[in-house]
1. Quick one: what pairs do we get from region 48-59, first residue within 10 Å of Leu37 (Cα to Cα), second in a helix (DSSP H, G or I) and of a type in the set (S, T, N, Q), C-beta under 8 Å, 6+ apart or different chains?
2. Mind checking which residues of region 39-92 are surrounded by 16 or more Cβ atoms within 10 Å (Cβ to Cβ), polar (S, T, N, Q) and either out of contact with any Phe, Trp or Tyr (no Cβ under 7 Å at 6 or more places or on another chain) or part of a helix (DSSP H, G or I) (or both)?
Amino acid sequence: MGKDAHTHDSLSTNEKRTTVQWYHLLHLTPRPSCDQLAGLKQIKSAKAYSPIFRTVALRVTDLSPAESLDRYLRGLKKHVRAQVLIQKLMNT
């Protein structure tokens, strides 16, 4: 495991709940919907959130690239979302 790996015991109650929700989305539902994807939220770093989002987003069959980006940005913490949007504006 990498240095960012956490055991279940080291997670806060909110992180445990979110981890369980992601597990259910990934393993117990046949295909997540766009609405379920909207329920994903960044808890720790964007680096930790991004691969989970990608994994779930790839399983949504009717997700356009624009909608995927919108759902991703909405799941980020507000200050991270603002930084991403500013960076995007500067690069266009």
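1. Val56/Gln36; Ala57/Ser68
2. Result: Ser68, single match.
Values quoted throughout were computed directly from the atomic coordinates according to the rules given, and no laboratory measurement underlies them. It should be emphasised that the depicted structure is a prediction, and the values quoted were computed from it without experimental measurement. Neighbour counts are summed over all protein chains in view; Cβ atoms, including those assigned to glycine, are modelled from backbone coordinates with ideal geometry.
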